[in-house]
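Where a number appears in this text, it was derived from the coordinates with a stated rule and is not lab data. It should be emphasised that the depicted structure is a prediction, and the values quoted were computed from it without experimental measurement. Virtual Cβ from ideal backbone geometry, glycine too; neighbours counted across all protein chains shown.
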Amino acid sequence: MKRVLTIQDISCLGKCSVTVALPVISAMGIETVILPTAVLSTHTMFKNFTVKDLTDQLMPIVEHWKSEGVEFDAIYTGYLGSAEEIEIAKKIFEMFKSDDTLVFIDPVMADNGKLYPAFDEAYAKLNAGLCGAADIIVPNLTEACFMTDTEYKEEYDEDYVKELLGKLAALGSKVVVLTGISLSEGKTGVYGLDTRTNEYFIYQNDKVDAAYHGTGDIFASVAVGGLVRGLSRERAFALAADYTADTIRVTKQDPKEPWYGVNFEETIPQLVSRLTVDLALSE
Ligand code: PXL
């Protein structure tokens, strides 16, 4: 069985980061090892959340794993709480990365043109540095703009997206994928660039008119899961984009929809079925 390490916070209530990555990647048939960067009562979109920082626990935990000879097929980082944790993440890549380890970074820190409450522009630049150590990065438009000193635009064209991908490529990761890219009315999806071949790839599906927290974490978790199970990049990102959109659609139909996260628990069976089909088609 493949094994993924995910490094991000535990927001006890909130359907994001570890409480998404662990169930979703496990359901995709992959052992999921967690390294929690902090424990929060909720994610930071709630008021009055509590935080217990776990920075001082990270190295002792990974050193223990190292002494046990543990290896990972992928390391996936999401929300990291501080500059120090970014440095530690880099060390962890060095400790555990082999030629076959996929380093997948979702530089979680911003959305809709704004940084999340815990972060500033200096943090965004450190995240840009971390992205240089990745095989694949999946920032949204806002995160990409903060990392590359680019003006954030609500309305944009393909040239703007390609220029941004070029700037992201300069950060140093092998594949750069912008998420939440809408190039025509009613559509959204990903626009990526493989910096080794200079090839672009695009996947668009129908946009659901609703926004929930944690959907970026669902997207990233499914993409990591698909890639680790051996799907092609195109299939893995299409699966991630479709599953995220379907889950938003299902959540919107729930009369008791939680504003703070999506009902991914309801759609996991469809994810597993589609993965099974995609794997069979890939053989
Ligand atoms: O879903 C991203 C995320 C992860 N972790 C924490 C967050 C957020 C987004 O707001 O606050 C703590």
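Orientation-averaged projection of region 121-169 equals 3.3 nm² [convex hull of Cα atoms, one quarter of hull surface area]. Both radii were evaluated on the Cα set of region 137-283; the Rg over Rh quotient, with Rh as the Kirkwood radius, amounts to 0.97. Run through region 214-283 and list the trypsin sites (Lys or Arg not before Pro) located in a DSSP loop whose Cβ has at most 10 other Cβ atoms within 10 Å. For trypsin sites (Lys or Arg not before Pro) across region 214-283 that sit outside H, G, I, E and B with at most 10 neighbouring Cβ atoms in 10 Å, the list reads K256.
Could you identify which residue out of V176, V138, V161 has the top mean-square fluctuation in a GNM of the chain using Cα springs shorter than 10 Å? Of the options given, V161 has the highest mean-square fluctuation.
Rounded, prolate or oblate, given the Cα gyration tensor of region 74-133, with a/c below 1.5 counting as rounded?
Cα axes put region 74-133 in the prolate bin.
P(r) tail, region 63-213: Cα-Cα pairs separated by more than 26 Å, 28% of all pairs. Take the Cα coordinates of region 18-74, assign each an equal point scatterer, and use the Debye formula without solvent to give log10 I(q)/I(0) at q = 0.23, 0.24, 0.26, 0.31 Å⁻¹. The calculated log intensity ratios at q = 0.23, 0.24, 0.26, 0.31 Å⁻¹ are -1.03, -1.05, -1.09, -1.16. Once region 143-213 is represented by equal point scatterers at the alpha-carbon sites, with solvent omitted, what log10 I(q)/I(0) does the Debye formula produce at q = 0.12, 0.22, 0.28 Å⁻¹? Listed by q, the Debye log ratios stand at -0.32, -1.01, -1.37. Rounded to two decimals, the Cα radius of gyration of the chain over 2.2 N^0.38 Å is 0.93. Given labels modelled 7 Å from the Cα in the Cβ direction, how far is it in nm from E199 to K97? Between E199 and K97, the label points sit 2.3 nm apart.
Placing a label point 7 Å from the Cα of V51 along the Cα-to-Cβ direction, the residues of region 95-126 whose backbone N falls under 12 Å from that point are 116-120.
In whole angstrom, region 1-102 maps to an equivalent ellipsoid with semi-axes of 23, 17, 10, each derived as √(5λ) from the alpha carbon gyration tensor and ordered largest first. Projected onto their three principal axes, the Cα atoms of region 194-260 cover extents of 46, 22, 15 Å, largest first. Secondary structure note: in the chain, about 45% of the DSSP beta bridges are antiparallel.
Under the combined filter of DSSP loop state and at most 12 neighbouring Cβ atoms within 10 Å, region 114-210 retains these GluC sites (Glu not before Pro): E151, E154, E155, E185. In the chain, taking the dipole from charged Cβ atoms about the Cα centre, the farthest positive-side position among G113, G166, F72 is held by F72.
If R₀ is 41 angstrom, what is the calculated FRET efficiency for the pair D209 and M59, using the beta carbon separation as r and rounding to 0.05?
For D209 and M59, the calculated efficiency is 0.40.
Quote the relative contact order of the chain in percent (integer), defining contacts as alpha-carbon pairs under 8 Å separated by 6+ residues. Across the chain, relative contact order equals 16 percent. Each DSSP beta bridge with both residues in region 78-207 is either parallel or antiparallel, and the antiparallel ones are about 75%.
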